[in-house]
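Novice: Structure provided below as structure tokens; questions to follow.
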Amino acid sequence: MSAYPNARFLKSAHAPSDFCEDFGVEVAFSGRSNSGKSSAINAIVHRRDLARTSKTPGRTQLVNFFELAPGQRLVDLPGYGYAKVPPALRQHWRGLMDAYFGSRTSLSGLFIVMDARRPLADTDWQMIEMTAARGCNAHVLLSKSDKLSRNEARETLRRARSELGESATAQLFSAVTKEGIDDARRVLKAMLAREGTAAWAPEPLVQPWERRG
């Protein structure tokens, strides 16, 4: 059963003037196009169709606001990094993100969803830096981890945590196999409680493989 049974779509924003009223607390989700962001949101909230998924990369081009509970929101940010997006749209995305991170006092944390088979990109780092500038925590979901072997997944996680350092926490995640969903839910809960990621600590790398036998 979902921890947010009353989660609902609120509105989409094409411009800062369209943003929801800035009160309570909200957690944002970002990610490159085709990273599995919408699937991750649906899996974490345990709602099949809360965020719209598409086989066409770059479909999320608006800031989408969802209410999880009164005074608590999840924000689905536009996907980025897709080669076929026109330059004008990229510029619009940058302006929208500058306005979002520069104005939302209710923002308490950011999830960055990235394909575990791809390295961190400059745009991922820009999102982390914008979040840090607001004094918020960032948490990286290394999605589609089911596409990797055990050794590849372990090395990917080790490398990501080493590269991120103190900038963000990171974990393996798969919306298909449900790996990492409980950890991601704990991070979301902590962020909504304005505890950042303090209520969740990464496990030693060896433990997941011991559990799998």
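Novice: What dipole magnitude, in Debye to the nearest 20, does the chain give about its Cα centre under +1 on Lys/Arg Cβ and -1 on Asp/Glu Cβ? Display every interim value, and only then the final one.
Specialist: Numbers: 31 positive and 23 negative charges, 140 e Å.
That gives the chain a dipole magnitude of about 680 debye.
Novice: Between residue 126 and residue 46, with labels modelled 7 Å along Cα→Cβ, what's the label distance in nm to one decimal, could you check?
Specialist: Here the modelled spin labels are 3.7 nm apart.
Novice: Taking the Cα atoms only, what angle lies between the long axis of helix 122-133 and the longest principal axis of the chain, rounded to 10 degrees?
Specialist: Taking the Cα atoms of the chain, the angle to 122-133 is about 70 degrees.
Novice: 7 Å from Cα along Cα→Cβ at both residue 6 and residue 89: what's the point-to-point distance in nm?
Specialist: 3.6
Novice: Which Cα, out of 12, 23, 173, lies furthest along the positive dipole direction of the chain (beta carbon charges, K/R +1, D/E -1)?
Specialist: Sorting the options by dipole projection puts first 173.
Novice: How far is helix 87-103 tilted off the main Cα axis of the chain, in degrees rounded to 10, range 0 to 90?
Specialist: The helix 87-103 is inclined about 90 degrees to the chain.
Novice: Take the alpha carbon atoms of region 69-179, find their radius of gyration, then divide it by 2.2 N^0.38 Å using N residues; give the quotient. Working shown, then result.
Specialist: Numbers: Rg = 15.1 Å, N = 111, 2.2 N^0.38 = 13.2 Å.
In units of the 2.2 N^0.38 Å rule of thumb, it is 1.14.
Novice: Lysine pairs in the chain with alpha-carbon atoms under 17 Å apart, 8 or more places apart or on different chains: how many are there?
Specialist: Summing the qualifying lysine pairs gives 8.
Novice: Can you check how the C-alpha radius of gyration of the chain compares to 2.2 N^0.38 Å, as a plain ratio?
Specialist: Cα Rg divided by the expected 2.2 N^0.38 Å: 0.96.
Just so you know, all these numbers are worked out from the coordinates, no wet-lab data involved. A quick note: this is a predicted structure, and the numbers were derived from the prediction, not measured. Ideal geometry is used to build each Cβ from the backbone, glycine not excepted, and the neighbour counts take in all protein chains shown.
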